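Accompanying notes for the structure given below.
The values are calculated or read from the model by the stated rules, or taken from the named source; none is laboratory data. It should be emphasised that the depicted structure is a prediction, and the values quoted were computed from it without experimental measurement. All Cβ positions, even for glycine, are placed from backbone atoms using ideal geometry, and neighbour counts span all protein chains on display. What goes into the accessible areas is simple: the full protein's heavy atoms, side chains included, and nothing from ligands, DNA or RNA. Shrake-Rupley method; radii C 1.70, N 1.55, O 1.52, S 1.80 Å.
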Amino acid sequence: MRLVISMAAGLLFGLGLTVSGMTDTAKVQGWLDLFGNWDPTLAFVLGGAILPMLLAWRIADRRETAVLGTPIPARSEPVIDRKLLAGSALFGFGWALVGLCPGPAMAVLGYGGTGAIIFFAAMATGMFGYGRIAT
């Protein structure tokens, strides 16, 4: 059952990314181009993601277990340090240069061609490589 729900959630997420335009690199780069040909339409995607999550966090705060019965972990204290700032900057630079972040990068693997495969491979290498050297 858990696998079916995970698959359905992933498919819904990928569909949402595609329908919203988050897999269109030109649209994403247009959103990030504040001083050029700025495209504000992704603000609706951002708002459409934040509002339901506010509700979900409120509900999760009142629960001890998730819908499938697994425990909901306690929230960690937010720590803003050099590692967080450096990681955020790298994420932002990569997103601005390529127009993809991890979720959309996975969604475009099915139709994005060679460029999407190369980007995904580079992203995965960086993620797994960091995990190896940071521990």
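Just a few scattered comments:
- Residue within region 45-61 that is out of contact with any Leu (no Cβ under 8 Å at 6 or more places or on another chain) and of a type in the set (Lys, Arg) present: yes
- Residue under evaluation MET106, criteria (1) open to solvent by less than 50 Å² (accessible area, probe 1.4 Å); (2) part of a helix (DSSP H, G or I), criterion not met: (1)
- Output for region 76-103, where each listed residue is open to solvent by 40 Å² or more (accessible area, probe 1.4 Å), in contact (Cβ under 8 Å) with a residue 60 or more places away in the chain and not β-branched (Val, Ile, Thr): TRP95, ALA96
- Matching residues in region 10-26 - criterion: being under 13 Å from VAL98 (Cβ atoms) and either free of Cβ contacts under 8 Å to residues at least 40 places away in the same chain or not in a helix (DSSP H, G or I) (or both): MET22, THR23, ASP24
- A residue that is within 30 Å of MET1 (Cβ to Cβ) and either in a loop (DSSP other than H, G, I, E, B) or of a type in the set (Lys, Arg) (or both) occurs somewhere in region 48-62.
- Candidates are the residues of region 27-47 that are in contact (Cβ under 8 Å) with a residue 12 or more places away in the chain and assigned to a loop (DSSP other than H, G, I, E, B); the one that is most open to solvent (accessible area, probe 1.4 Å) is THR41.
- Taken together, the residues in region 2-50 that are more than 17 Å from GLY94 (Cα to Cα) and among the charged types (D, E, K, R) amount to 2.
- Output for region 48-75, where each listed residue is open to solvent by 90 Å² or more (accessible area, probe 1.4 Å), over 21 Å from GLY16 (Cβ atoms) and of a type outside the set (Lys, Arg): ASP61, GLU64, PRO71, PRO73, ALA74
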